[in-house]
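The values are calculated or read from the model by the stated rules, or taken from the named source; none is laboratory data. The shown structure was predicted, so the numbers you read here are calculated from the model rather than taken from an experiment. When we count neighbours, we look across all protein chains shown, and the Cβ atoms used for this are built from the backbone with ideal geometry, even at glycine.
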Amino acid sequence: MNTPKKDDRERAIDENLKKVFDQTLDEGIPDRFKELLSQLKQQDAEQGSQK
């Protein structure tokens, strides 16, 4: 059985987790990470064409 205080705490935690998750999604992928992914894709393509 949940008490009203516990329900309020759980609701506040849920809201804060959702806010953090949404903020993280809005940040996008850093340029350096995109560059690294591009380099890895290029390496994979080169290795695939050598086989």
Among the residues of the stretch 27-51 satisfying the criterion of being at pLDDT 90 or above and among the aliphatic types (A, V, I, L, M), which is farthest from the chain's Cα centre (by Cα)? ALA45
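Taking the stretch 16-51, which residues are among the charged types (D, E, K, R) and assigned to a helix (DSSP H, G or I)?
Selection gives LYS18, LYS19, ASP22, ASP26, GLU27, ASP31, ARG32, LYS34, GLU35, LYS41, ASP44, GLU46.
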Name, by its number, the condition in (1) assigned to a loop (DSSP other than H, G, I, E, B); (2) β-branched (Val, Ile, Thr); (3) surrounded by 10 or more Cβ atoms within 10 Å (Cβ to Cβ) that does not hold for ILE13. (1)
